[in-house]
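The values are calculated or read from the model by the stated rules, or taken from the named source; none is laboratory data. What you are looking at is a predicted structure, and each value in this text was computed from that prediction instead of being measured. Backbone-built Cβ (ideal geometry, glycine too); neighbour counts: all protein chains shown.
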Amino acid sequence: MKRGAGGGGSPYYESDEALEQYLFFHYGTADDYLPFPGSPRGAFGYPARAVKELMDRRKLPRTPRALDLGCAVGRTSLELSRWCGEVVGIDLSRAFIRAARRMQRGGVLPVRYAIEGDRRGEAILRRPDGVHPERVRFVTGDAMAVSPRLGRFDLAVLLNLIDRVPDPAACLAALVDRLQPGAQLIIASPYTWLTDYTPRERWLGGRDGQSSFAALADVLGPRFRLLRRRQIPFILREHARKYQWSVAEGTAWQLVK
């Protein structure tokens, strides 16, 4: 399964196909994305919905700084700007970051999307209302090496990223140094472990009888306490009559002061 919210080192994430799919995933309307009666609309809008379900706004400082790691084309970063004074969105895909910046600056983007075979549709995607694009900065970068020059954050969000990095435990360990004491860490993933992205011996669970949640808790437990755990469905559209329906497990953690 392709990642739901992020770029990556794979050439796929620089392709026009990936860019169109993710732009539609992040900014498409429910009527365009799921036009058929009986469509599972409860799974629509994952890049915005996941963070709302998992974040505890009461535990944030007055003007929090947020990190959206694996931000893809930027919808989650823009959503975070509703509550955060500064948001940094990082993705390894240059194509995704360029598109995120275009949406941030202009507020609209045209997109072509697959209907069937060679048939394509066209839509105008719009930046959501009520966000603060001036608070957001998009940066091309590696999730495994977040630059110390970016400072520390009160909130970090990793949506569908942890199963697409070469060493998830190392990624999380390095991220701790970029968080303020008491910061929230939001992780959501369908745990689609693939050796194309992560060597089997570095999977967080999914092997040797251990669940991914248990492995994640082992890694984070010494420094974090669990705040929330939710099952969050999402849907990726391949073409007008084919979708991937998945369920991410979402967890919210707080770095112990």
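Of the residues screened, residue 154 is one that is modelled with pLDDT of 95 or more and either closer than 18 Å to residue 57 by Cα or in contact with a Cys (Cβ under 6 Å, 6 or more places away or on another chain) (or both). Among the numbered conditions (1) modelled with pLDDT of 90 or more; (2) crowded, with 23+ Cβ neighbours inside 10 Å, the only one that residue 5 does not meet is (1). For the stretch 61-69, check the following and say yes or no: at least one residue is under 19 Å from residue 197 (Cβ atoms), modelled with pLDDT of 90 or more and not charged (D, E, K, R). Yes - at least one qualifying residue is present in the stretch 61-69.
Would you be able to say whether some residue in the stretch 124-146 is under 21 Å from residue 15 (Cα atoms), over 17 Å from the mean Cα position of the chain (by Cα) and of a type outside the set (Ser, Thr, Tyr)? Among the residues of the stretch 124-146, at least one is under 21 Å from residue 15 (Cα atoms), over 17 Å from the mean Cα position of the chain (by Cα) and of a type outside the set (Ser, Thr, Tyr), which makes the answer yes. Every test in (1) within 24 Å of residue 56 (Cβ to Cβ); (2) surrounded by 13 or more Cβ atoms within 10 Å (Cβ to Cβ) is passed by residue 111 save one, and that test is (1). In the stretch 172-200, the residues that are closer than 17 Å to residue 257 by Cα form Cβ pairs under 7 Å with partners that are in a strand (DSSP E or B) and among the acidic types (Asp, Glu), at six or more places apart or across chains, as follows: 180/154; 183/154. Only residues that are in a helix (DSSP H, G or I) and surrounded by fewer than 19 Cβ atoms within 10 Å (Cβ to Cβ) were counted across the stretch 192-218, and they come to 7.
Checking the stretch 236-248 against the condition returns a match, with at least one residue being within 30 Å of residue 119 (Cα to Cα), of a type in the set (S, T, N, Q) and in a strand (DSSP E or B).
Conditions (1) crowded, with 22+ Cβ neighbours inside 10 Å; (2) charged (D, E, K, R); (3) under 19 Å from residue 175 (Cα atoms); (4) within 15 Å of the chain's Cα centre (by Cα), marked per residue:
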residue: 12; (1), (2), (3), (4): no, no, no, no
residue: 15; (1), (2), (3), (4): no, no, no, no
residue: 35; (1), (2), (3), (4): no, no, no, no
residue: 57; (1), (2), (3), (4): no, yes, no, no
residue: 68; (1), (2), (3), (4): yes, yes, yes, yes
residue: 71; (1), (2), (3), (4): yes, no, yes, yes
residue: 91; (1), (2), (3), (4): yes, yes, yes, yes
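All of 163, 154 fail the test of being in contact with a strand residue (DSSP E or B) (Cβ under 6 Å, 6 or more places away or on another chain), closer than 28 Å to residue 224 by Cα and assigned to a helix (DSSP H, G or I), apart from 163.
So that you can scan it fast, the table gives a plain yes or no per residue for (1) farther than 30 Å from residue 32 by Cα; (2) of a type outside the set (S, T, N, Q); (3) modelled with pLDDT under 95; (4) over 17 Å from the mean Cα position of the chain (by Cα):
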residue: 168; (1), (2), (3), (4): yes, yes, no, no
residue: 174; (1), (2), (3), (4): yes, yes, no, yes
residue: 214; (1), (2), (3), (4): yes, yes, no, yes
residue: 238; (1), (2), (3), (4): no, yes, yes, yes
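The residues of the stretch 87-120 that are in a strand (DSSP E or B) and either in contact (Cβ under 8 Å) with a residue 24 or more places away in the chain or of a type in the set (S, T, N, Q) (or both), listed by number, are 87, 88, 89, 90, 91, 109, 111, 112, 113, 114, 115, 116.
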